[in-house]
Each structure stands twice: as structure tokens, then as C-alpha cells.
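This report refers to the structure that appears directly beneath it.
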Amino acid sequence: MGDLLCLEDWQRAAQARLPGPTWGFLQGGSGAELTVAANRAAFDRRVLRPRVLVDVTKPDLGTTLLGDPLRAPLAIAPMAYHRLVHPDGEVATARAAGECGLPFVVSMFASRTLADIAAATTAPLWLQLYWLRRRDALADLVRRAEAAGVRALVLTVDAPRVAKRLRDLRSGFALPADVTAANIDPAAMAVMARTGESGSSIQSHSREQFDAAITFADLAWLRALTPLPLLLKGILTAADARLAVEHGVDGIVVSNHGGRQLDSAIPAIDALGEVVEVVAGRVPVLVDGGVRRGTDVLKALALGAAAVLLGRPVLHGLAVAGAGGVTAVLSTLREELEEAMVLAGAPRLSDVDAELVR
Ligand code: FNR
């Protein structure tokens, strides 16, 4: 692992290790993958405006989010089926999150049980949800999340159905028989089993099982179910951010699903400013999509993000070296952020403001 110095190194090492179809599922996006590329370009287009002659001997990256202390303004984005890339799956990821003192957003389609994941970690766990038509299955999952000590729910709102992903169709990607959604009632997943769980059946499954009719008004049903804080993930406009706050959400994740849903959607970092402005500090605003360097995190913080979620690089670390790989990836990003803050003359998060980025 000694020669893996940055997140791009881990990406290359993961690609060399994983079967082609698995790599395509992990790395790919929807349509022409314009948004996957745009997420990266939007970071690279921005530049930092460092201050000098500031005492930077004691950089402090610590923060709190939804009442939990974090060692850095970073968290692990929800991603389905970690067992695709490592036999320990989400248990290993959770262990790494605990070692790093960072929250782990567990996907509704996690391939290990919530109980096993929770037993492996001291990290704050959040659970990501898609809104299933089977509300009883959704309610049951929320109850198990509460029992497992989950600290928040993250409802993903950019996926009324799963987008078509050409890489998966071309490669014939299919989930291996031993990689399943460990937290979902098998009855609710019966359609998937019948259709053989190919890339295209993940899509058809989403059309049958996801409730594409829900609106902001339905959030009240979820709120009534549980006192857990509720975040919405997949907001990209000021209009929807305003509605989200009006409907009482506890946080917003500005996200285009890492370019895996609406292709040509605006890069999340480009949408962040208008969301932060309209939310006006009432709830934390997080962002994800294309974060690969400490300077990317600093740019997102300067544009008003309370924290940044990291997606694919976590699975790269997991694929290459299990829990140790995830810890290395998260530690590398944290160290890069610390260095960026020191060199930018902004040693505390409270020093990071819009003046820092152009
Ligand atoms: C995802 N993402 C995702 N999001 C979600 O809300 N529920 C999910 O189950 C998944 N599953 C998933 C699987 C894989 C393999 C990937 C790569 C992504 C989206 C994820 O949470 C996040 O928004 C993006 O991955 C962030 O972009 P980067 O960091 O991967 O560029």
C-alpha cells in the first residue's frame, strides 16, 4: 500500500484488481456519462485564493454534524453492495469509518445486515432509503435501523427509477448469487430474484418497487414513523432546497448521484451555492460527486458545505485492501485537506469562507 499516495492511485489499483463488469458498475454513470465527467471538471475549474502570514501551527478539522463529533468534515456516501468488491463488505467499511471518526451512510441495498455493520463500528451510522411502494417494508427497515442505533435517515430523491447504464448492459453485469440486499424483506425483492438481477433487471426492479409517485407531501408519513433526523439526498436547485426546508428536513445533500441518474445534470458543486444561499444556515448542507482531493473538499467547504460525502474512492480502498484500504483512503483525503487548509492560511473550518475560492 506504500506506493498508493493519492486517491487516483487507489483507483488504478482497484481497476487492476476487479473484474471488468464489476469495475464498470462501480465506476460508470448514466447515459453518455457527461455528468460523471462534469463533476470532476467543476472542481478543477475552481481556484483557491490563499491568505499568508497566518499562524497555521494548529490546524483543526474537527466539526459536529447532527450532534455527532466528526474528526473531519467528511463522510462515506451510501453505495449499494460493498460485498461486490470485498467479502467483508459494509462491515469492513464501517470498521474503517470508526477508526477515522467519520459517519458512514449505509445504503438501503447494503450487502451486510445493519446489526452486523453496527456491531463493527463506533462510527455514527446513517441509513439511506429509497421510497419503496411497499410502505410496510420501508417501515420495517426504519424500525430495524432504530434498533441498530442508526443516527439519521437519508432519503434519496433523485431516483424515482434507476437510470439506464450502458456499461452494465454491454458487459452483462449481474450480481453474484451471494451478494444480496441483506436488509430488505426477501418478498419485497422477489421480482429481482426472478429476473436474475442483471444490470437491466436492477432497472426494471426499481420501476416495480420504487414509488415514483411520492411528493414532498409524503415526507410527513416518514416523519411520523420515526424521530430520527431526515436528510434529502439529490437536491440540485434552490427551489427544491426551499421546499425541503419548508417540509422540515434536517439536512440536504446536494448531489447528482455521482452522475448515475439524470445525465447532463448540473455538477453538484455548481449547484451548491444556490442551495446554501436559500437554506441560509437553517440546516446543514452536504455535497457529493467527484471529490478526489483535499483541495476539492476545501473548495466545497468554501462554497458553504458543512461536510462532503465520498463515494467511489471508498470502494476503491475496500477492493484493494479491505478495511485498511478504506482507512488509508479516508486518512489520505483528511491529510490532504489539512495540508490545503494550512497552505491556504485557513487552519480552522471557521476560517474557510467564500473568499477562499473563485
Ligand atoms: C452509488 N450511489 C448511491 N446513492 C444512494 O443514495 N444509494 C445507493 O444505494 C447508491 N449506490 C451507489 C453505488 C455505487 C457503486 C456508486 C458509485 C454510487 C451514489 C453515491 O451515494 C454518491 O452520490 C456518489 O457516488 C458520489 O460521487 P463520487 O464520490 O462517487 O464521485
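Determine whether the stretch 76-96 contains at least one residue that is touching a Pro at 6+ places or on another chain (Cβ under 6 Å), among the polar types (S, T, N, Q) and in contact (Cβ under 8 Å) with a residue 60 or more places away in the chain.
no
Look through Val357, Val308, Val352 and report the one residue that is touching a helix residue (DSSP H, G or I) at 6+ places or on another chain (Cβ under 6 Å), closer than 25 Å to Thr57 by Cα and within 11 Å of the ligand (Cβ to nearest atom).
Every option except Val308 fails the conditions.
Being within 14 Å of the ligand (Cβ to nearest atom) and either of a type in the set (S, T, N, Q) or closer than 21 Å to Asp178 by Cβ (or both) narrows it down to one residue among Ala115, Ala110; which is it?
The match here is Ala110.
Please find, within the stretch 1-30, the residue that is surrounded by the most Cβ atoms within 10 Å (Cβ to Cβ) out of those that are without any contact (Cβ under 8 Å) to a residue 12 or more places away in the chain and in a helix (DSSP H, G or I).
Restricting to residues being without any contact (Cβ under 8 Å) to a residue 12 or more places away in the chain and in a helix (DSSP H, G or I), the top hit is Trp23.
Taking the stretch 31-50 on its own, how many of its residues are touching a residue at least 60 places away in the same chain (Cβ under 8 Å) and either part of a helix (DSSP H, G or I) or out of contact with any helix residue (DSSP H, G or I) (no Cβ under 7 Å at 6 or more places or on another chain) (or both)?
Count: 13.
Pairs, please: C-beta under 9 Å, at least 6 apart or cross-chain, first residue over 22 Å from Val105 (Cα atoms) and in the stretch 278-295, second of a type in the set (Phe, Trp, Tyr) and within 16 Å of the ligand (Cβ to nearest atom)?
Cβ pairs passing all conditions: Thr295/Phe43.
Taking the conditions exactly as written (more than 15 Å from the ligand (Cβ to nearest atom) and among the hydrophobic types (A, V, I, L, M, F, W, C)), does Val285 satisfy them or not?
It is false that Val285 is more than 15 Å from the ligand (Cβ to nearest atom) and among the hydrophobic types (A, V, I, L, M, F, W, C).
If I ask for residues that are outside any loop (DSSP other than H, G, I, E, B) and under 13 Å from the mean Cα position of the chain (by Cα), which ones from the stretch 286-297 would you list?
Leu286, Val287, Asp288
Which residues, taken from the stretch 102-115, are touching a residue at least 60 places away in the same chain (Cβ under 8 Å) and out of contact with any Pro (no Cβ under 7 Å at 6 or more places or on another chain)?
Leu102, Met108, Phe109, Ala110, Ser111, Arg112, Thr113, Leu114
Pairs please, first residue from the stretch 128-144 and under 16 Å from Ala187 (Cβ atoms), second anywhere and in a loop (DSSP other than H, G, I, E, B) and away from the ligand (no atom under 16 Å from the Cβ), Cβ atoms under 7 Å, 6+ apart in sequence or on different chains.
Hits for this filter: Ala137/Asp185; Asp140/Asp185.
Out of Leu219, Leu225, report the one residue that is modelled with pLDDT of 95 or more, surrounded by 20 or more Cβ atoms within 10 Å (Cβ to Cβ), more than 14 Å from the ligand (Cβ to nearest atom) and over 29 Å from Leu356 (Cβ atoms).
Result: Leu219 is the single residue among Leu219, Leu225 that is modelled with pLDDT of 95 or more, surrounded by 20 or more Cβ atoms within 10 Å (Cβ to Cβ), more than 14 Å from the ligand (Cβ to nearest atom) and over 29 Å from Leu356 (Cβ atoms).
Looking only at the stretch 179-186, decide whether some residue is closer than 21 Å to Gln261 by Cβ and modelled with pLDDT under 95.
Yes, because at least one residue in the stretch 179-186 is closer than 21 Å to Gln261 by Cβ and modelled with pLDDT under 95.
May I ask you to list the residues in the stretch 250-282 that are part of a strand (DSSP E or B) and either out of contact with any helix residue (DSSP H, G or I) (no Cβ under 9 Å at 6 or more places or on another chain) or away from the ligand (no atom under 11 Å from the Cβ) (or both)?
Gly251, Ile252
Residues checked against (1) under 22 Å from Leu129 (Cβ atoms); (2) buried (at least 24 other Cβ atoms within 10 Å of the Cβ):
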position	(1), (2)
Leu232	yes, yes
Ala239	no, no
Ala280	no, no
Leu286	yes, yes
Gly290	no, yes
Leu303	no, no
His316	no, yes
Val329	no, yes
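Condition (residue is surrounded by fewer than 21 Cβ atoms within 10 Å (Cβ to Cβ), over 30 Å from Val357 (Cβ atoms) and either more than 16 Å from the chain's Cα centre (by Cα) or more than 13 Å from the ligand (Cβ to nearest atom) (or both)) applied to the stretch 55-69: is it met by at least one residue?
No, there is no match, as no residue in the stretch 55-69 is surrounded by fewer than 21 Cβ atoms within 10 Å (Cβ to Cβ), over 30 Å from Val357 (Cβ atoms) and either more than 16 Å from the chain's Cα centre (by Cα) or more than 13 Å from the ligand (Cβ to nearest atom) (or both).
The values are calculated or read from the model by the stated rules, or taken from the named source; none is laboratory data. The shown structure was predicted, so the numbers you read here are calculated from the model rather than taken from an experiment. Virtual Cβ from ideal backbone geometry, glycine too; neighbours counted across all protein chains shown.
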